[in-house]
1. First compute the accessible area of the chain with a 1.4 Å probe, then give the percent of it belonging to carbon and sulfur atoms.
2. Quote the FRET efficiency, to the nearest 0.05, computed for A381 versus L273 with a Förster distance R0 of 41 Å and r equal to the Cβ-Cβ distance.
3. Quick one: of K150/K289; K174/K289; K32/K274; K62/K174, which pairs are farther than 31 Å apart, Cα to Cα?
4. Computed FRET efficiency, Cβ-Cβ of D423 and D303, R0 45 Å: what is it to the nearest 0.05?
5. With only Lys, Arg, Asp and Glu charged, each at its Cβ (+1 for the first two, -1 for the last two), find how big the charge dipole of segment 118-210 is about the Cα centre; round to the nearest 20 debye.
6. At 0.36 nm per residue, minus the direct Cα-Cα distance, what do H362 and K405 gain on full extension? Give it in nm, one decimal, please.
7. Please find the FRET efficiency linking F185 to D445, where r is the Cβ-Cβ separation and R0 is fixed at 30 Å, and quote it to the nearest 0.05.
8. Name the residue farthest towards the positive end of the dipole of segment 99-200 from the options L157, G173, Q132, assuming +1 on Cβ of Lys and Arg, -1 on Cβ of Asp and Glu, about the Cα centre.
Amino acid sequence: MAKKPVTDAPDGAPLAPPCAMVIFGAAGDLTKRLVVPALYNLVGARRLPDEFRIVGVDLASKTTEEWRTGLTETMQGFVGSDAEFAVDHIDQKVWQWLTVRMSYLQGDLTDAEMYRRLGLGAAGLATERDGQWRRVVIEKPFGHDLNSAKALNAEILKHLQEHQIYRIDHFLGKETVQNIMALRFANGLFEPIWNREHIDHVQITAAETVGVEQRGKFYEKTGALRDMVPNHVFQLLAMTAIEPPISFDADAVRAKKAEVIEAIRPLDPAQALKNAVRGQYDAGTVLGKAVRAYRQEPDVAPDSNTETYIACKLQIDNWRWAGVPFYLRTGKYLKRRVTEIAIRFHQAPFTLFRDTDVERMHPNWMILRIEPCEGIGLEFAAKRPGPTVKLSNVTMDFSYEDYFKTAPNTGYETLVYDCMIGDATLFQRADNIEAGWAAVQPILDLWADTPPSSFPNYTAGSNGPAAADELLARDGRAWRPLDLTNNR
């Protein structure tokens with residue numbers, strides 16, 4: 001392809017090449033909440049060419065104008081909200097630029113006739129010729145277990161080459177996730193202590209304040225483990241534990257991420273029983289609003305054993321991380337919405353302070369905040385002013401919003417744009433996907449054979465089930481309370 005022209009965007013990013021974006025499931029929640037707001041931001045950043053077009057495809061019976069109107073109403077609803085994409089106003093000029101390039105087609109994804117009408121029939125759907133590219137973005141879940149993921153990869157690779165496949169995870173579009181490698185590898189301060197000699201353990205949290213909403217049918221077949229861990233959470237783990245790649249080339253970075261996931265110590269049934277905890281929310285109060293139990297949600301069985309919470313302890317068997325536990329947790333209807341990576345450093349020895357007024361040593365934490373309020377915090381001890389030696393915990397804090405004046409984003413902006421320019425660095429390869437499923441398969445197998453006996457086992461609006469606290473307490477550790485995280 002010819003060299004792409006450079007736009008007049010403030011960041012100097014190249015203009016995406018002329019292209020049409022076809023969105024399957026265009027009337028769905030993901031399109032409205034994340035994809036379209038991301039495209040709106042890309043227009044505002046002047047990264048899309050005039051020749052850009054969007055075609056929405058869905059089963060819902062709509063006209064193009066009805067689809068545009070519905071999206072406009074959704075965008076207006078983000079103004080002043082606490083949603084992931086929260087803005088103080090919608091730039092009407094930018095929004096109009098995008099909407100006039102939208103068209104809608106009603107169709108069934110399983111109907112060959114729909115593809116003929118769309119113009120993407122079997123004769124040309126994936127064929128690249130005359131310098132024109134075809135790329136397919138695939139949303140999670142990528143399979144529902146290891147065998148199905150392998151089968152799906154095999155089937156897709158019959159029709160597409162690996163370089164055409166963009167398995168997307170919007171967490172990787174977050175600036176803090178991308179900044180992890182810059183933090184470690186562009187600073188002489190951090191990489192020397194990023195290992196088992198200095199790090200006690202790592203906690204990765206992806207807590208939500210929403211329930212399953214209208215996705216009961218999907219969630220009943222999926223659950224929190226399948227929905228979040230092999231993809232979102234493992235990508236955060238991989239970026240945290242990755243070895244230095246030789247470059248930022250897509251294959252170099254993705255190969256190192258795959259190595260991390262493949263190095264996760266396999267769990268036997270006894271270890272899976274001990275080191276994995278599941279939960280399901282009961283009725284409660286979330287952010288001041290009364291909410292119902294999972295078993296009372298639409299399209300959910302009244303005796304459902306589907307988990308809405310998962311916590312587990314994993315080990316990475318390599319020289320850098322051997323002996324350092326990684327504690328992972330994710331769940332719905334929890335006390336606070338926060339996604340973060342919390343790195344706990346080894347405790348300093350107490351001997352020096354034995355004859356002072358210091359009662360205990362304060363732990364050192366580095367907190368990588370993914371959302372909301374993306375940034376990095378460093379917690380350490382400092383002496384209180386006064387004639388005696390007393391320690392207090394203090395925090396040095398960096399916020400992307402404060403320092404770089406960043407605009408609200410969904411994480412899809414970077415990923416959609418990268419797909420358009422052909423940069424696959426932040427997308428998952430087949431081996432990464434399969435390694436993730438292999439790591440959680442023992443837990444899936446165990447849970448399939450041993451239904452839970454105590455569901456529901458946590459109140460909506462809490463920190464999660466008590467068993468998750470016990471998971472860390474056995475090791476003499478504790479979760480960072482959700483109401484103490486992201487306390488800006």
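1. Details: 12150 of 22830 Å².
Looking at the chain in its full context, I get 53 percent from C and S.
2. Working: r = 38 Å, r/R0 = 0.93.
E between A381 and L273, to the nearest 0.05, is 0.60.
3. Values: K150/K289 42 Å; K174/K289 29 Å; K32/K274 40 Å; K62/K174 33 Å.
The pairs that break the limit, which is 31 Å between Cα atoms, are K150/K289; K32/K274; K62/K174.
4. Values: r = 47 Å, r/R0 = 1.04.
Efficiency, from the Cβ-Cβ distance: 0.45.
5. Details: 10 positive and 12 negative charges, 59 e Å.
Dipole of segment 118-210, to the nearest 20 debye: 280 debye.
6. On the way: separation 43, 0.36 × 43 = 15.48 nm, distance 3.24 nm.
Gain on stretching H362 to K405: 12.2 nm.
7. On the way: r = 37 Å, r/R0 = 1.24.
Computed FRET efficiency for F185 and D445 comes out at 0.20.
8. Value: Q132.
The values are calculated or read from the model by the stated rules, or taken from the named source; none is laboratory data. Computed from a predicted model, the values in this text were never measured in an experiment. Glycine gets a Cβ as well: all are built from the backbone with ideal geometry, and neighbour counts include every protein chain shown. Surface areas here come from the heavy atoms of the whole protein model, side chains and all, with no ligands, DNA or RNA. Shrake-Rupley method; radii C 1.70, N 1.55, O 1.52, S 1.80 Å.
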